[in-house]
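Each remark here refers to the structure printed beneath this line.
The values are calculated or read from the model by the stated rules, or taken from the named source; none is laboratory data. What you see is a predicted model, and the numbers here were worked out from it, not measured in a lab. Please note: Cβ atoms are built from the backbone with ideal geometry, for glycine as well, and neighbour counts cover all protein chains shown.
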Amino acid sequence: MRKAIGLIFLLLGGAALLAGAEVNQDWLKRVPPQERARTNPYTSQADAIAAGGRLFADRCARCHGADLEGAHGKPGLKTDVVRGATDGELFWLLRNGDLRHGMPSWSGLPEPERWEIIAFLKSSR
Amino acid sequence: MEGVGTATRRLSRVWPGVALIALGFLAGSQRCEAQEPPYFVTYSHAMEEPGNLEIEFKGTQAAPKNDNAFGGGTVEFEYGAKAWWTTEVYLSGQTTANDSTIFTGFRWENRFRPLLQEHWINPVLYFEYENTSADRSFLEIVGNDGVDDLLLRNGQARPDVERELEMKLILSSNAKGWNFSENFITEKNLQTSEPYEFGYAVAASRPLSFRAGARECAFCRENFAAGAEMYGGLGTTDSFGLRATSHYVAPTVGWNIPRGPTIQFSPSFGLNDNSLAVLWRVGVQYEFQQFFSRFRRGGR
């Protein structure tokens, strides 16, 4: 019994250490060049922007604010970093998240829906 | 031996209360959607978003041949502690026709994503402590679990409380809109010198549409996901393999209702004599975004 409990703590601690092992860097620096260069197939398409707005309201607004100004201590998206990011960089962030800093991965969303969200974000600048 | 009707009547006495509590929670909350595939047994690498609380009810119902029909219910409270750490508590009960309705115990589960970026295959480490007896939730199948376990009456099975540690290696990939997940399971009884038990679960699913529409609608294809899972036992350290194990294959479908809960449904079909012929599953889940911030000053 004691061995098993010790094993639990060892494994939990190991997992936490592994999770903390990644270097804390600005996410932008981690985007590979080929990802950076990707372009949004739905740029400026009205229906994609509307769909992206719906997706943003459903999944993102609670943390980033319906007005993109941030909420509950989470960052707003009307920043120079987001404004200056390429479509590919934002797409990379949505796929990978920034787990160390609380941004979840949205890889479970189909790619077209992630591009729709980016079309909405770019239209809201 | 009789059954489905009696079990259903018993369940119908309990579930309205559960539904009322759930409605109370839902009142005043806003639309929220998880991105989890519609699986009942298999885990993907989708974690709960940090700060979100998901409450889910999972029901099972089956009418074993030559035995009493039963229904099981599990309420899950899943919380995103970090973007890479999800913790979850389960409370389970069951009702068996011509027998009784009992609380069967609790589980506490933790899932960790050791790699902080998305990869071709994404591992998740899973640890769970179980304290259950006469459990019929079928949340996993391990070792030599099978229909024979269901023969005991609740009064006989309940004193045998199982305190177990369950560990899973979850491997999962998202590609071209599909999710593919594989789980390798091991379970150990912490009280006795029983051997380690092993099991597996594999699944694939996809949303029916990869694009969201400009307008919200309840029955749009984007709100539905479909897939299939297969799961079963792999024996123990003493007798590893497929001998005297049970296995199921299950088509599964999920419906994400706009401004409402996600509803999942799945019939599991037994693949050998040691399995139930059909195990019906239904799930209802609702996610509260940034749950604890609602109680802070300025929170909604």
**Request:** Examine the stretch B:131-139 for a residue that is modelled with pLDDT of 95 or more and within 14 Å of chain A (Cβ to nearest Cβ), and state whether such a residue exists.
**Result:** yes
**Complete:** Taking the stretch B:37-63 and keeping residues part of a strand (DSSP E or B) and within 14 Å of another protein chain (Cβ to nearest Cβ) leaves B:53, B:54
**Request:** Looking for whichever is within 13 Å of chain B (Cβ to nearest Cβ) and in contact (Cβ under 8 Å) with a residue 40 or more places away in the chain here; the options are A:108, A:70, A:97, A:52. Which one fits?
**Result:** A:52
**Item:** Cβ-Cβ under 7 Å pairs, at least 6 apart or on other chains, the stretch B:151-177 side within 14 Å of chain A (Cβ to nearest Cβ) and of a type in the set (A, V, I, L, M), far side buried (at least 19 other Cβ atoms within 10 Å of the Cβ) and not in a strand (DSSP E or B)
**Value:** B:170/B:43; B:170/B:45
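Tally time: how many residues in the stretch B:192-235 are closer than 16 Å to residue B:182 by Cβ and away from chain A (no Cβ under 14 Å)?
Step one: filter the stretch B:192-235 for residues closer than 16 Å to residue B:182 by Cβ, giving B:198-205, B:227-234.
With the extra rule that they be away from chain A (no Cβ under 14 Å), the set shrinks to B:198-202, B:228-234.
The total comes to 12.
This table checks each residue for (1) more than 14 Å from residue B:45 (Cα to Cα); (2) crowded, with 19+ Cβ neighbours inside 10 Å.
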site	(1), (2)
B:109	yes, yes
B:114	no, no
B:132	yes, yes
B:143	yes, yes
B:148	yes, no
B:151	yes, no
B:172	no, yes
B:176	yes, no
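Residues in the stretch B:187-194: is at least one under 26 Å from residue B:268 (Cα atoms), out of contact with any Leu (no Cβ under 6 Å at 6 or more places or on another chain) and among the polar types (S, T, N, Q)? I'd like the intermediate steps shown before the answer.
Pass one, the stretch B:187-194, residues under 26 Å from residue B:268 (Cα atoms): B:187-188.
Subset that is out of contact with any Leu (no Cβ under 6 Å at 6 or more places or on another chain): B:187.
Still in the running and among the polar types (S, T, N, Q): none.
No, the stretch B:187-194 has no match at all.
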**Asked** Of all residues in the stretch B:178-191, which are within 12 Å of another protein chain (Cβ to nearest Cβ) and either touching a helix residue (DSSP H, G or I) at 6+ places or on another chain (Cβ under 7 Å) or acidic (Asp, Glu) (or both)?
**Response** B:187, B:188, B:190
**Complete:** Within the stretch A:82-110, restricting to residues that are in a helix (DSSP H, G or I) and more than 13 Å from the chain's Cα centre (by Cα), the one that is surrounded by the most Cβ atoms within 10 Å (Cβ to Cβ) is A:83
**Complete:** So, first residue over 15 Å from residue B:53 (Cβ atoms) in the stretch B:85-99, second residue surrounded by fewer than 18 Cβ atoms within 10 Å (Cβ to Cβ) and polar (S, T, N, Q), Cβ within less than 6 Å, six or more apart or across chains; the pairs are B:95/B:101; B:97/B:6
**Prompt:** Is it the case that the stretch B:201-220 has a residue that's farther than 22 Å from residue B:133 by Cα, of a type in the set (Val, Ile, Thr), outside any loop (DSSP other than H, G, I, E, B) and at pLDDT 95 or above?
**Reply:** yes
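At the interface with chain B (Cβ under 10 Å from one of its Cβ atoms), of a type outside the set (A, V, I, L, M), outside any loop (DSSP other than H, G, I, E, B) and touching a Cys at 6+ places or on another chain (Cβ under 9 Å): is that true of residue A:47 in this structure? Spell out how you get there, then give the answer.
Working: at the interface with chain B (Cβ under 10 Å from one of its Cβ atoms): yes; of a type outside the set (A, V, I, L, M): yes; outside any loop (DSSP other than H, G, I, E, B): yes; touching a Cys at 6+ places or on another chain (Cβ under 9 Å): no.
Considered against the rule, which asks whether it is at the interface with chain B (Cβ under 10 Å from one of its Cβ atoms), of a type outside the set (A, V, I, L, M), outside any loop (DSSP other than H, G, I, E, B) and touching a Cys at 6+ places or on another chain (Cβ under 9 Å), residue A:47 comes out as no.
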**Prompt:** Of the residues that sit in the stretch A:7-44 and are at the interface with chain B (Cβ under 8 Å from one of its Cβ atoms) and within 18 Å of the chain's Cα centre (by Cα), which one is modelled with the lowest pLDDT?
**Reply:** A:22
**Request:** State whether the residues of the stretch B:86-98 include one that is aliphatic (A, V, I, L, M) and within 14 Å of chain A (Cβ to nearest Cβ).
**Result:** no
**Message:** Can you find a residue that is over 14 Å from residue A:117 (Cα atoms), out of contact with any Leu (no Cβ under 6 Å at 6 or more places or on another chain), at pLDDT 85 or above and assigned to a helix (DSSP H, G or I) anywhere in the stretch A:56-74?
**Reply:** yes
**Request:** Can you tell me which residue among B:239, B:209, B:193, B:205 is among the polar types (S, T, N, Q) and either within 24 Å of residue B:62 (Cα to Cα) or surrounded by 18 or more Cβ atoms within 10 Å (Cβ to Cβ) (or both)?
**Result:** B:205
**Item:** Residues within the stretch B:78-98 that are out of contact with any Phe, Trp or Tyr (no Cβ under 8 Å at 6 or more places or on another chain) and surrounded by fewer than 19 Cβ atoms within 10 Å (Cβ to Cβ), tallied
**Value:** 2
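Taking the stretch B:199-241, which residues are under 30 Å from residue A:54 (Cα atoms) and in contact with a strand residue (DSSP E or B) (Cβ under 6 Å, 6 or more places away or on another chain)?
If we filter the stretch B:199-241 for residues that are under 30 Å from residue A:54 (Cα atoms), which is where we start, we get B:203-228.
B:203, B:204, B:205, B:206, B:207, B:208, B:223, B:224, B:225, B:226, B:227, B:228, listed by residue number.
Does the stretch B:257-266 contain at least one residue that is within 17 Å of residue A:113 (Cα to Cα) and of a type in the set (Ser, Thr, Tyr)? Before you say what the answer is, go through the steps one by one.
Start the filter on the stretch B:257-266 by keeping residues that are within 17 Å of residue A:113 (Cα to Cα), which leaves B:258.
Restricting the remaining residues to those that are of a type in the set (Ser, Thr, Tyr) gives none.
Scanning the stretch B:257-266 turns up no residue that is within 17 Å of residue A:113 (Cα to Cα) and of a type in the set (Ser, Thr, Tyr).
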**Request:** Return only the number of the condition from (1) at pLDDT 95 or above; (2) farther than 30 Å from residue A:72 by Cβ; (3) not hydroxyl-bearing (Ser, Thr, Tyr) that residue B:45 does not satisfy.
**Result:** (2)
**Message:** Can you tell me which of (1) part of a loop (DSSP other than H, G, I, E, B); (2) at negative phi; (3) touching a strand residue (DSSP E or B) at 6+ places or on another chain (Cβ under 8 Å) is the one residue B:119 doesn't meet?
**Reply:** (3)
